[in-house]
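Here the structure is laid out as structure tokens; the discussion comes afterwards.
No value in this document is a laboratory result; all are computed from the given coordinates. Just so you know, these numbers come straight off a predicted model, no measurement behind them. Cβ: placed from backbone, ideal geometry, glycine included. Neighbour counts: every protein chain shown.
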Amino acid sequence: MSDPARIDDYKINKLYTYNDYLKWDTKERFQLINGEVFSMASPSVAHQAIQAELLLEFGNFLRGKPCRVFGSPLDVRLFPKKDRSDNTVVQPDLLVVCDKTKIDKRSINGAPDLVIEIISPSNTYNELFLKYQLYLKAGVKEFWAIDTEKKTANINICDNGYYNYTNYEKDDVIPVTIFDGLKISMKDIWERLSE
């Protein structure tokens, strides 16, 4: 049996598949976007606090309902293939899946219903734009991008193959369109960060 591959052994200018991704033996986190490797920086305290608060909000609302909420790190194969030759594996900060057939022991196989990315300084515009396009193409119904520094949220709702977006400021309340009755208070989230 051969030794597990290390990401250092790979040339960055090569394109990879999920099969390659599974062979990497490293504690570092990576994403594959169209076969290209994207390194993931360690999240900040503010990033983790926001993620925890959102997991609580969604988790409490979804208790006893068929949909499930997950936080990163968790692999999401947006366009899975049985032979694992797919080349896009992302790790959104938070995701909601309502189709239980997409939940595997190792990954989510297919588009989540909702994805939240918490933007940090290490996120590049190129990476976020690529994810925006991929989430739309995969059929993610609702995609949030939360900026911890600006205290804003860009909410994208899929409508007839396009995302309609709304920007929310630090004191706004965000209606979660895929669930009747769920609203997230941005003010509450920012206030809990300063406690």
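Quick notes on this structure:
- Modelled this way, with points 7 Å down the Cα-to-C-beta line, the labels at residue 171 and residue 41 are 3.1 nm from one another.
- Enclosed volume per residue, in Å³, of the convex hull spanned by Cα atoms of the chain: 136 Å³
- Length gained when the stretch residue 178-residue 55 is fully extended (0.36 nm per residue, less Cα-Cα span): 42.7 nm
- Across the alpha-carbon set of the range 57-171, the Rg to Rh ratio works out to 0.96, Rh being the Kirkwood radius.
- Descending semi-axes in whole angstrom, ellipsoid equivalent of the range 18-58, from the Cα gyration tensor: 27, 12, 10
- With pairing defined as another cysteine C-beta under 4.7 Å, the cysteines of the chain that fail it are 158.
- Pairs from 27/131; 102/187; 150/183; 131/183; 81/183 whose Cα-Cα separation, in the structure shown, is over 29 Å: 102/187; 81/183
- Volume per residue that the Cα convex hull of the range 135-179 spans, once the total is divided by residue count, Å³: 70 Å³
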